[in-house]
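Notes follow the structure.
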There are 2 protein chains.
Amino acid sequence: MKIVGVDLGGTFVKIGLVNEKSGKILKKTTIETKVELGGKTVVKRIAEAITNLTNNDFYAVGIGSPGSIDKERGIVRFSPNFPDWHNFELAPKLSKLLNKNVYVENDANSFVLGEKWFGAGKGKKHIVALTLGTGVGGGVISHNILITGKDGIGAELGHVIINPNGPLCGCGNYGCLEAYASATAIVRMAKERRKKFPDSVIFKDEITAKNIFEAVKLNDRLAVIIRNEVVEALSIGITSFIHIFNPEVVIIGGGVSRAGEILFEPLRRRVEELVMPTFKGTYKIVQSPLVENAGILGAASIVLQREN
Amino acid sequence: MKIVGVDLGGTFVKIGLVNEKSGKILKKTTIETKVELGGKTVVKRIAEAITNLTNNDFYAVGIGSPGSIDKERGIVRFSPNFPDWHNFELAPKLSKLLNKNVYVENDANSFVLGEKWFGAGKGKKHIVALTLGTGVGGGVISHNILITGKDGIGAELGHVIINPNGPLCGCGNYGCLEAYASATAIVRMAKERRKKFPDSVIFKDEITAKNIFEAVKLNDRLAVIIRNEVVEALSIGITSFIHIFNPEVVIIGGGVSRAGEILFEPLRRRVEELVMPTFKGTYKIVQSPLVENAGILGAASIVLQREN
């Protein structure tokens, strides 16, 4: 059986036809979202792209969307990426156009579902997932259940406060995990220290999280300082998540995770220092293996989670 | 139907016969634990006390025990309160003596179950519970499931790090919630400041969390400072728990919670300031209504949770 995964972003929509058993992406396409055309047109364009891609040979669609989602009704309550959408009936509208079941989930939640069905969480019942991108998203599966809370807005792991004296977060609080471990935060950390480290190789090129982690490999002093701060912040947050959820695995994805071992090696070491004795050795910390397919596979797995 | 709740402590064992419908405690008794006599004798003494209290007119027993519990097998893996118990078969042994079903759960988890079945969490599916006592215990029900994690050791909300620059916690980390909001921490805060506030009324009597909160009512300057620090720490922790679990209610019990509105009023105000806009007004923060019966009712409700 084949399912369609729709990774809905503010700029691009990635659509993939997925084999539900193997998790193989059989075909995929990317279209521009064109939010400015209005929700109705966005949905119509997605429907057309799905039909063109699949010839209608699939049985259901999962959509991973940013924002606050009413999963029961398939509605986007609101989303910073789609300022004009208020209680927008995304799933019902697309379902009507395609005549198939359509399910929506918040994109951070769909990330953890993708890991459970096709990635590093396969066969596991206790998973904590973090996506380190523009922001820090969280998704949790505990006792095999997707933890979303009363209104479906929980698992905001990026807005767990790890240091009340820390930097201002986009949410208005100080010291959220997101204010340390998002790509945005990492770039900010570099810019703030430009005057102190004017010769850092970081400033020889575009200042991006990727370039900063590359500079760590060159032993650039500022880059190492920033990497260590990111590791320390992530370690504190992940230690708390381990104490709360006692998970089998902590999976980290998103652009920042591609730094690889230069991030993961010190992170694993520090978390194992910080967790309480009972928790030592009970968990693994791994990089998401889904890489650029995480969005589509996460979205597709919403269907599997709901229909199984 | 009647059930027995056993609140197993390091010094005393409280035993109650509970009406499972009303949550009324029909009879209760307290015996000394006498850990020094060894686990086998402790269990025998509990069995005798149950038989004497109930005349065997009950159908199952729930035990709330400190420590790390293997709930499937009814085993206390280990507990700081019972240093000689290693993988001690508490439930199987008691079950054999009484010829009834016996269930064990960690005492912080049994606290949240008690609230769900008989207290402020009645009919709710999303509950975060904290017990502020010698330590800070946590219990979470999310999507109607008791969140204990892969090995049953999760929900350690007292060991969520809320400030890495904070005071040393008993667990060896710095700035755990427990290092701010336990009775132990509150007493420590007073003692540390004795030289700065020698005239505080706190030092005119035994230094206890209870007396410190009483001194807040007298506008004692040091007492107010300590209360504010406890409120700030709890607010940060609870904000994170709300962002993670999106609960209907946050229930706070344990000795420190008896401070009442002098603690709860500023706590509610500060948490509502800190939570992200989406979460505002979505939760309640309440004092546990079970008071001194929380232990017995929590223990009894383990039976209800397992058999329902």
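Net charge near A:Lys93: determine it from the other residues with C-beta under 9 Å of the C-beta of A:Lys93, scoring Lys and Arg +1 and Asp and Glu -1. Display every interim value, and only then the final one.
Details: positive: A:Lys40, A:Lys44, A:Lys96; negative: A:Glu89.
Around A:Lys93, the surrounding residues sum to +2.
Starting from a label point 7 Å past Cα on the Cβ side, list the distances from B:Arg45 to the same position in the other copies, nm, shortest first.
Computed spacing set for this position: 7.5 nm.
Could you order B:Glu192, B:Glu232 so the one with the most accessible surface comes first? Probe is 1.4 Å. Can you show the working numbers first?
Working: B:Glu192 120, B:Glu232 65 Å².
Solvent-accessible surface, decreasing: B:Glu192, B:Glu232.
I need to check one value: relative contact order of chain A, counting alpha carbon pairs closer than 8 Å and at least 6 residues apart, in percent.
20
In nm, one decimal, shortest first: how far is the label point of A:Gly123 (7 Å from Cα along Cα to beta carbon) from the matching points in the other copies?
Sorted ascending, the copy-to-copy spacings read 4.4 nm.
Under 12 Å from a point 7 Å along the Cα-to-Cβ line of B:Tyr59: which residues of the stretch B:65-109 have their amide N that close?
Zone members listed by number: B:101.
How much solvent-accessible surface does B:Leu98 expose, in Å² to the nearest 10, with a 1.4 Å probe and all protein chains in place?
The accessible area of B:Leu98 comes to roughly 10 Å².
Across all directions of projection, what mean area in square nanometres is found for the Cα convex hull of the stretch B:122-288?
Numbers: hull surface 40.1 nm².
Computed as one quarter of the Cα hull surface, the answer is 10.0 nm².
Taking each full run of DSSP H in chain B as one helix, which ones are at least 18 Å long along their axis (Cα atoms) and have mean Kyte-Doolittle hydropathy of at least 1.0?
Values: long enough: B:39-54 (22 Å, 0.19); B:221-245 (35 Å, 1.24); B:261-274 (19 Å, -0.44); B:294-307 (20 Å, 0.94).
Once both thresholds are applied, what remains is B:221-245.
Run the simple label-point estimate for B:Thr11 and A:Leu168 please: 7 Å along Cα→C-beta, distance reported in nm.
5.0
Give the A-B buried accessible area in Å², both sides summed, 1.4 Å probe, nearest 100.
About 3500 Å² of accessible surface is lost on pairing.
Given a 1.4 Å probe, how much area per residue of the stretch A:81-164 is accessible, in Å²?
Working: 2830 Å² over 84 residues.
Value for the stretch A:81-164: 34 Å² per residue.
Across the Cα atoms of the protein assembly as shown, what radius of gyration and what greatest pairwise Cα-Cα distance (Dmax) are found, in Å?
26.0, 82
Roll a 1.4 angstrom probe over the protein heavy atoms and tell me the percent of accessible area of the protein assembly as shown that is carbon or sulfur.
Numbers: 12240 of 25340 Å².
C and S atoms contribute 48 percent here.
Relative to 2.2 N^0.38 Å, what does the C-alpha radius of gyration of the stretch A:55-160 come to as a ratio? Two decimals please. Walk me through the intermediate numbers first.
On the way: Rg = 14.2 Å, N = 106, 2.2 N^0.38 = 12.9 Å.
Relative to the 2.2 N^0.38 Å estimate, the stretch A:55-160 comes out at 1.09.
Please identify which residues in the stretch B:79-103 have an amide N closer than 18 Å to a label point set 7 Å out from the Cα of B:Leu37, following the Cα→Cβ vector.
Once the point is set 7 Å along Cα→Cβ of B:Leu37, B:82-85, B:89-91, B:93-98 turn out to lie under 18 Å by backbone N, inside the stretch B:79-103.
Would you mind giving the three semi-axes, in whole Å and largest first, of the ellipsoid equivalent to the stretch A:25-84 according to its Cα gyration tensor? The partial results should precede the final answer.
Values: eigenvalues 96, 45, 20 Å².
They are 22, 15, 10 Å, listed largest first.
Before anything else, pin down the relative contact order of the stretch B:122-288: Cα pairs under 8 Å, at least 6 apart, normalised by residue count, whole percent.
Computed value for the stretch B:122-288: 24 percent relative contact order.
At q = 0.10, 0.13 Å⁻¹, what is the base-10 log of I(q)/I(0) for chain A according to the Debye formula with one equal point scatterer per Cα and no solvent? Please give it to two decimals.
Normalising to I(0) and taking log10 leaves -0.56, -0.92.
Taking a 1.4 Å probe, which of B:Arg193, B:Arg258 shows the most accessible area, and what order do the others take after it?
Details: B:Arg193 55, B:Arg258 140 Å².
Descending order: B:Arg258, B:Arg193.
Using a 7 Å offset from the Cα along the Cα-to-Cβ direction at both A:Arg269 and B:Val291, what is the distance between the two label points in nm, to one decimal?
So the label points at A:Arg269 and B:Val291 sit 5.4 nm apart.
Quantify how strongly other chains surround peptide A:272-279 by giving the mean number of their Cβ atoms within 10 Å of each of its Cβ atoms. Don't jump to the answer; show the numbers that get you there.
Details: counts 0, 2, 7, 4, 8, 2, 8, 6.
The per-residue average across the peptide is 5.
How far apart are the B:Met1 label points across copies, placing each 7 Å from Cα toward Cβ, in nm, shortest first?
Spacings between copies for this position, smallest first, are 3.7 nm.
The values are calculated or read from the model by the stated rules, or taken from the named source; none is laboratory data. Not measured: the values here are computed from a predicted model. Using ideal geometry, Cβ is built from the backbone for each residue, glycine included, and neighbour counts are taken over all protein chains shown. Side chains included, ligands, DNA and RNA excluded: accessible areas come from the protein's heavy atoms. Shrake-Rupley method; radii C 1.70, N 1.55, O 1.52, S 1.80 Å.
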